[in-house]
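Worksheet: one structure, shown below.
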Amino acid sequence: MRIFLYFLEYFLIPQICWTHQYLPIDRLPDWKLKNDGNIGPSYGQPEQIRISYGGDPSVSFVTWQTFDDTLQSIVEYGSDWKFLNQSVLGRCSVFLDRNKNSVWRYIHRANLTALVPGQTYYYHVGSEHGWSPIYFFTALKERENDGGGYIYAVYGDLGVENGRSLGTIQKMAQRGELDMVLHVGDFAYNMDESNGETGDEFLRQIEPISAYIPYMATVGNHEYFNNFTHFVNRFTMPNSDHNLFYSYDLGHAHFVVSSTEFYFWTQWGFHQIKHQFDWLIEDLKACNGA
């Protein structure tokens, strides 16, 4: 098996690079170059807010989007919604999906660290050019009631139309009846459609879930477009810069997320099959203490 995979790596077409294209801190967007205090970004309002588990209960990732470069990616948070007395400066990557009518999307990411498990935090995201509403989340901690552990919502194949379960999941997330969502593939149907507007609408629809509890994503066949470009760029998962395969521990469980889609969409190269195989072997060794 290994000999076959090395052959694929070195003799067949390599993959498109799976990395977030982060913008330099000292950048000057067009509106800033005009050197006019009355001019700012045209589309600086944050939207599509989502949090994800950072691989440790004391860490959460916050991701959101704007349609213009705001120069700042800020999360303000605290244990009292009236006093968001802590702040984190994140990073911004630009996402262009290679369509001739591509929309420039600015994906902002910030890491909240040193969180206290079980503590509820209030937060909003944005910049001086626009802020989100104030949301809240609780840093993950095993439940004292309900038999301990964590409560997950596990589903796949959720689109922007006829989302019959959406209201129920939103209500459960906001009431604290769920700890985490595991969305196991097939988002929006499809995130790339209508120049990505379908993906934007989907992430707006799940915001009443994803802004309150970690929304963990797994790639499915509906994410195949342009070598899974929308999935790679729109989400932020732990221990990975591409979200396609990763793992994390929570409670007594070790979660492994991998992609079978590489075996079907081979026009992007066979590289990715070997990368995932090698990663999985090492991850399982580490998990088992080998």
Just one of 77, 121, 135, 43 is in contact with an Asp or Glu (Cβ under 7 Å, 6 or more places away or on another chain), of a type outside the set (S, T, N, Q) and modelled with pLDDT of 95 or more; which is it? 43
Sole exception among (1) crowded, with 20+ Cβ neighbours inside 10 Å; (2) under 26 Å from residue 263 (Cα atoms); (3) not hydroxyl-bearing (Ser, Thr, Tyr) for residue 182, by number: (1)
Of everything in segment 18-41 that's within 26 Å of residue 228 (Cβ to Cβ) and in contact (Cβ under 8 Å) with a residue 12 or more places away in the chain, which residue is farthest from the chain's Cα centre (by Cα)? 23
Test: residue in segment 95-111 that is surrounded by fewer than 22 Cβ atoms within 10 Å (Cβ to Cβ), part of a strand (DSSP E or B) and polar (S, T, N, Q): yes
Of all residues in segment 141-173, which are crowded, with 17+ Cβ neighbours inside 10 Å, farther than 19 Å from residue 198 by Cβ and among the aliphatic types (A, V, I, L, M)? 153, 169, 172, 173
Within segment 42-61, can one find any residue that is within 16 Å of residue 135 (Cα to Cα), over 14 Å from the mean Cα position of the chain (by Cα) and assigned to a loop (DSSP other than H, G, I, E, B)? yes
Of all residues in segment 129-140 being part of a loop (DSSP other than H, G, I, E, B) and in contact (Cβ under 8 Å) with a residue 60 or more places away in the chain, which is surrounded by the most Cβ atoms within 10 Å (Cβ to Cβ)? 140
Report yes if some residue within segment 96-103 is under 29 Å from residue 248 (Cα atoms) and modelled with pLDDT of 95 or more; otherwise report no. no
Is segment 23-43 home to any residue that is closer than 19 Å to residue 242 by Cβ and surrounded by 13 or more Cβ atoms within 10 Å (Cβ to Cβ)? yes
For segment 139-196, which positions are under 17 Å from the mean Cα position of the chain (by Cα) and aromatic (Phe, Trp, Tyr)? 155, 187
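The values are calculated or read from the model by the stated rules, or taken from the named source; none is laboratory data. Predicted model, so just to flag it, every value in this text is computed and none were measured. Virtual Cβ from ideal backbone geometry, glycine too; neighbours counted across all protein chains shown.
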